[in-house]
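To keep things clear, I will list the structure first and then write my remarks on it.
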Amino acid sequence: MNDSYLYLIIALLPLTAGMLVTQVNPYHALVLRGVLGAIAALVDAVLGAADVALTEALMGTMLSTTLCAIAVRSSLVLRLGVMENQSIENNQDSNFQELINDFRSIFKKHYMRLELVPYTNIQTLQEALMSKEVHATCVPLAANNQTQENYQTAIRVQRIYNIVESELSSPNTSLNYVNVLDSGEKHS
């Protein structure tokens, strides 16, 4: 009996694993992780280890891929605190809408979603940033401001600040990095 097909199937394991570890898009990596588990289960089944194949199919393919999908989906959300009257639906300010569209396009490149979280006043918005409820805040500047900037954006995550600072094209906001320590102290 010719077992050359087995060598082809086994060769798919390191090939798929190599593709998996070099993947940039987390959703593509999830698909490849499922394929890798399915190939491993197939190899185990062909080699006569039905119990190991079943375990790999259930745990390595289905459960781990599902749990990773949940983790990826929930961790790739940037929560931006805004004032209640700033929501896209209520706000007629084209500068704010342009700024939010710029943020969305930047984060989309990094496979992130932008979630606007409304707050009733600036004090609760700042407390949300300090207590790590939101990753960043965007508040309107005073009307007597003489610059082109209409908004102040404070970001507490250094990596996100670096991404936004390098990629933001909108002149409508000034960016600040806010270092939030676990004790609740603020350093700029």
Label selected from [x] 10.6; [y] 12.4; [z] 14.8, the criterion being mean projected area of the Cα convex hull in nm² as computed here: [z]
Label-point separation, S64 to Q23 (7 Å along Cα→Cβ), nm: 1.2
Spin-label model distance (nm) - S105 vs N85, 7 Å beyond Cα toward Cβ: 2.9
For the chain, built as a Gaussian network whose Cα springs stay under 10 Å, the top-fluctuating residue of V77, V31, V139: V31
Per-bin percent of Cα-Cα distances, the stretch 53-142 [5 Å]: 3, 13, 18, 18, 15, 10, 7, 6, 5, 4, 2, 1, 0
Share of pairwise Cα separations in the stretch 1-75, more than 18 Å, in percent: 44
Point-to-point label distance, V52-S166, nm (Cα→Cβ direction, 7 Å offset): 4.4
Amide H contacts of A49 (H built 1.01 Å from N, under 5 Å, at least 5 apart or other chain): none
Dipole magnitude (debye, nearest 20) for the chain, charges at Cβ of Lys, Arg, Asp, Glu: 140
Note, ³J(HN,Hα) from phi for the stretch 115-123, Karplus 6.51, -1.76, 1.60, rounded to Hz, x at Gly and Pro: 10, 7, 10, x, 10, 6, 8, 5, 5
On Cα atoms only, tilt of 158-167 relative to the major axis of the chain in degrees: 80
Kirkwood-Stokes translational diffusion coefficient of the stretch 90-136, alpha-carbon pairs, 25 °C, 0.890 mPa s, µm²/s: 203
Over the chain, relative contact order from alpha-carbon pairs under 8 Å, at least 6 apart, %: 16
Under-5 Å amide H pairs with T173, H placed in peptide plane, nonlocal only: N150, Y151
Amide proton proximity set for V117, modelled H, under 5 Å, gap of 5+: L80, G81, V82
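Readers should treat all values here as calculations from the given coordinates under stated rules, not as data from a laboratory. None of the values given here were measured: they were computed from a predicted structure. We place every Cβ from the backbone using ideal geometry, glycine too, and count neighbours over all the protein chains shown.
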